[in-house]
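Novice: Here's a structure for you.
The values are calculated or read from the model by the stated rules, or taken from the named source; none is laboratory data. Values in this document were obtained by computation on a predicted structure and should not be read as measured data. In this analysis, Cβ positions are derived from the backbone assuming ideal geometry, glycine residues included, and neighbour counts consider all displayed protein chains.
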Amino acid sequence: MAEPVNTDAHLRERLHEAGYIADEGLATTLWLSSQLQRPLLVEGDAGVGKTALALGLARAGGRRLIRLQCHEGLDLSQAAYEWNYGRQLLAIRAHETQPTGIRESDLFARSYLLERPLLQAISSDEPCVLLIDEIDRADDAFEAYLLEVLADYQITVPELGTLRATHVPQVVLTSNGTRELSDALRRRCLYHWLDYPTLAREIAIVRTTLPQAESQLVEQAVAFVQRLRKEDLGKTPGVAETLDWVRALHSLRLQGLPDDPYALMPTLGCLLKTREDLYQLSPQRVLQLVERQRIEGVASL
């Protein structure tokens, strides 16, 4: 039996050069999404790097990133297009003195159309990456409309007709799981669950993003965060919080985690974002986590 071709290796390398560390499974799914021209739905807890994935993908391919941030009440005028009523009104007034006035077809020319993210992606002259961020925050009606757009990569504007994509955008949808998405949308997409990174991968992410930080500090800080995620917290710190914390520790000119837990307490606001979590992580608990980490060693995590 022939060996499978490692089609995702080059993509992983380009993502790494763009500052995003992807494992083999994610890189393969991204590659398949591109080859099959299917949207990719990425789910996972907040802070695991879903949005950063789309940013890295755009950088890796030298493509423009078009982002649609979803929210409750998102409608067609915000997501796809709307007419520039101000310019249309000015055009009407400018032609009031002319005997024929202005034709309705002229008022609804493409030049009067305001393109929002979905239409921008469909109309792009070059291949682009379309990020539909936090699709779970939008309502069912918008999700149904989105299905029509993603089915054939086209948008119908009643006054102009159907606008089809010259270049099919690579679409990444993200979801934090605040509501259940429809089966129809899930069937339309390829799927990947993005979990918190392993110790080795998170260290690689921090080193790539913050090469100026001391190696020992990075290893100890990431190992501490990995242990912290096992605590019963209201909001688990993500990769973005890890990066903020390492930046803070590096700014304090630390080369490793200090022995005194009280020295770390003022910096924990980089990791913990609720009063309850800050209260729960007492200096004594911080000391226990640091001491346990030193006894077992970073490699054992």
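Novice: Criterion first (of a type in the set (Lys, Arg) and more than 21 Å from Glu134 (Cα to Cα)) does Arg103 satisfy it?
Specialist: Considered against the rule, which asks whether it is of a type in the set (Lys, Arg) and more than 21 Å from Glu134 (Cα to Cα), Arg103 comes out as yes.
Listed here are the residues, each with its yes/no results for (1) closer than 26 Å to Arg164 by Cα; (2) β-branched (Val, Ile, Thr); (3) part of a helix (DSSP H, G or I); (4) free of Cβ contacts under 8 Å to residues at least 40 places away in the same chain.
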| site | (1), (2), (3), (4) |
| --- | --- |
| Arg38 | yes, no, no, no |
| Ala52 | no, no, yes, no |
| Ala60 | yes, no, yes, no |
| Ser77 | yes, no, yes, yes |
| Glu82 | yes, no, no, yes |
| Ile92 | no, yes, yes, yes |
| Thr97 | no, yes, no, yes |
| Ile102 | no, yes, no, yes |
| Ser111 | yes, no, yes, yes |
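Novice: Given (1) touching a helix residue (DSSP H, G or I) at 6+ places or on another chain (Cβ under 8 Å); (2) modelled with pLDDT under 95; (3) surrounded by 15 or more Cβ atoms within 10 Å (Cβ to Cβ), where does Asp45 come up short, assuming only one miss?
Specialist: Every condition holds for Asp45 apart from (1).
Novice: Can I ask one more? Looking at the structure I just gave you, is Arg137 free of Cβ contacts under 8 Å to residues at least 12 places away in the same chain and either touching a strand residue (DSSP E or B) at 6+ places or on another chain (Cβ under 8 Å) or on the phi < 0 side of the Ramachandran plot (or both)?
Specialist: No.
Novice: Looking for whichever is among the charged types (D, E, K, R) and touching a Phe, Trp or Tyr at 6+ places or on another chain (Cβ under 7 Å) here; the options are Glu180, Glu134, Glu159. Which one fits?
Specialist: Sole residue among the options that is among the charged types (D, E, K, R) and touching a Phe, Trp or Tyr at 6+ places or on another chain (Cβ under 7 Å): Glu159.
Novice: Any residue in the range 262-289 that's in contact (Cβ under 8 Å) with a residue 12 or more places away in the chain and surrounded by fewer than 13 Cβ atoms within 10 Å (Cβ to Cβ): show its pairings with residues that are assigned to a loop (DSSP other than H, G, I, E, B) and not charged (D, E, K, R) at Cβ separation under 6 Å, as long as the two are six or more apart or on different chains.
Specialist: Here the result reads Thr274/Gly234; Glu276/Gly234, each pair linking the range 262-289 to a residue that is assigned to a loop (DSSP other than H, G, I, E, B) and not charged (D, E, K, R).
Novice: For the range 170-234, please list each of the helices (runs of 4 or more DSSP H) lying entirely inside it that holds at least 2 residues being touching a residue at least 60 places away in the same chain (Cβ under 8 Å) and surrounded by fewer than 17 Cβ atoms within 10 Å (Cβ to Cβ).
Specialist: The helices (runs of 4 or more DSSP H) meeting that bar are 199-209.
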